[in-house]
Amino acid sequence: MIIGIGNIGSNSLKTKIIDINNENEVRVLGEANVDKIKNRGRSNFTHSIGDKKATGKSVRIMGFEAGIKLIFNWYIKSGVVSSLKDIRAMGFNCVLGEKNGASILTQKILDEMKRFAFIASTHNQQLIEAIGEFKRILNVPMVGIFEPYFHYSIPEFRRLS
């Protein structure tokens, strides 16, 4: 099963396309990243196929929609995927919106993430915006991996002050 992975920063978009076979072995098919995605001017676009060394170039891009389109066009042109229909789901590391583990990113969960945006203000708004663009372009399940609640499960006497 081919899955996309997105790591969204305040000013960056990092992606991988992986293939998970029937034995649950994971193989990275490709990686593509855009840094300085919200800056006026030039952005850095780096990409690689499989385990080959990444190459890059400077591009003029503004915003997540344009960055996602650039990345997916590259994945198709480079042969990482033959079409966007090859990608069966998209996964993201998320902050505050659900307890632990993986969850399908429903509107209710996205609303919770918005509600807590003030806690992760440099990432949540951009993440929610990017997830909306990925969903619009791919129309596949969006999955969030939530881990921050782990820290709340640590007993008080074990926490660092």
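The values are calculated or read from the model by the stated rules, or taken from the named source; none is laboratory data. Worth saying up front: this structure is predicted, and the values here are computed from it rather than measured. Every residue, glycine among them, receives a Cβ derived from its backbone with ideal geometry; neighbour counts consider all protein chains shown.
Side notes on the structure shown:
Listed here are the residues, each with its yes/no results for (1) surrounded by 12 or more Cβ atoms within 10 Å (Cβ to Cβ); (2) touching a helix residue (DSSP H, G or I) at 6+ places or on another chain (Cβ under 9 Å); (3) farther than 17 Å from Gln126 by Cβ; (4) aromatic (Phe, Trp, Tyr).
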site	(1), (2), (3), (4)
Ile5	yes, no, no, no
Ser10	yes, yes, no, no
Asp19	yes, no, yes, no
Val28	yes, no, yes, no
Asn33	yes, yes, no, no
Ile37	yes, yes, no, no
Gly41	no, no, yes, no
Asp51	no, no, yes, no
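- You will find that of Ile76, Ile17, Ile5, Ile37, the residue that is modelled with pLDDT of 90 or more and in contact with a Phe, Trp or Tyr (Cβ under 7 Å, 6 or more places away or on another chain) is Ile17 and no other.
- Qualifying residue in segment 102-109 (condition: within 16 Å of Gly132 (Cβ to Cβ), among the β-branched types (Val, Ile, Thr) and without any contact (Cβ under 8 Å) to a residue 12 or more places away in the chain): yes
- Candidate set from segment 81-119 (those that are surrounded by fewer than 19 Cβ atoms within 10 Å (Cβ to Cβ) and touching a Cys at 6+ places or on another chain (Cβ under 9 Å)); member that is farthest from Asn11 (Cα to Cα): Ser103
- Among (1) modelled with pLDDT of 85 or more; (2) under 17 Å from the mean Cα position of the chain (by Cα) - the single one Lys108 does not satisfy: (2)
- Selected residue [under 23 Å from Ile145 (Cβ atoms), out of contact with any Cys (no Cβ under 7 Å at 6 or more places or on another chain) and of a type in the set (Lys, Arg)] from Lys69, Lys38, Lys77, Lys16: Lys16
- Only a single criterion out of (1) closer than 16 Å to Val140 by Cβ; (2) basic (Lys, Arg); (3) in a loop (DSSP other than H, G, I, E, B) is not satisfied by Lys16, namely (3).
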